[in-house]
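Following: one structure in structure tokens, then a few remarks.
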Amino acid sequence: YGFGFAFAAIVLLMREANTMVDVGRFLVQGFSGTNFPVQSLPYWLILSSILFAIGLALVAALVIYAGIKTSLVAPVVAVEGERNPVAALNRSWSLTKGNSLRLALFYLLVGAAFLIVIMVAASIVGIFASLIGGPHAGEVAGAIVSAALNAVMALYFVAIVAAAHRQLAGPDDSRTFA
């Protein structure tokens with residue numbers, strides 16, 4: 001979130017978002033070699049391009065790791081009734097301790113399965129709608145199917161996160177009769 005807040009603050013100060021986006025795009029394209037081979041750069045820029053790529057990969061890995069570790073915050077707040085945000089983050093962090101890799105792989109597999117189902121369903125509906133009503137009807141029908149299946153996928157992910165919380169938190173003895 002830090003980069004996003006900093007970017008938003010600079011955009012608010014400059015009152016012009018396009019300039020910041022263009023500068024960011026120029027820097028990323030200049031250091032990544034998307035417009036020309038990296039080998040054509042001077043040596044010091046090749047080194048900085050490699051360091052830039054390594055840094056980007058590390059940031060992406062840290063963001064994914066933090067996302068997995070904090071993925072149970074919503075169930076901690078909703079089910080356990082924790083209202084302190086720092087305590088909810090700590091509880092989610094402790095619940096995922098030792099299970100982060102398993103959770104990441106499970107989330108990845110479920111996401112990949114949903115992605116395949118959404119792509120196949122939207123493509124099939126889009127093809128048939130294109131045959132019946134033309135290319136625009138196919139695009140609209142595919143988008144509607146994709147949006148509906150994305151809503152279903154979001155609902156399933158909420159249930160999956162709740163189930164993961166239930167398994168990692170253990171049984172709740174407060175709901176049993178004494």
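Values quoted throughout were computed directly from the atomic coordinates according to the rules given, and no laboratory measurement underlies them. The shown structure was predicted, so the numbers you read here are calculated from the model rather than taken from an experiment. Ideal geometry is used to build each Cβ from the backbone, glycine not excepted, and the neighbour counts take in all protein chains shown.
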## Note on the structure
Taking alpha-carbon centroids only, the stretch 19-81 lies from the stretch 119-143 a number of Å equal to 35
#### Entry: Cα gyration tensor shape of the stretch 1-79, rounded if a/c is under 1.5, else prolate or oblate by comparing a/b with b/c
oblate
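So which trypsin sites (Lys or Arg not before Pro) in the stretch 1-73 pass both tests, a DSSP loop state and at most 16 other Cβ atoms within 10 Å of the Cβ? Provide the component values of the computation, followed by the final result.
Details: sites: R15, R25, K69; in loops: R15.
Answer by residue number: R15.
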#### Entry: From the coordinates shown, Kirkwood radius over Cα pairs in Å corresponds to which of (i) 20.8; (ii) 18.6; (iii) 18.0
(i)
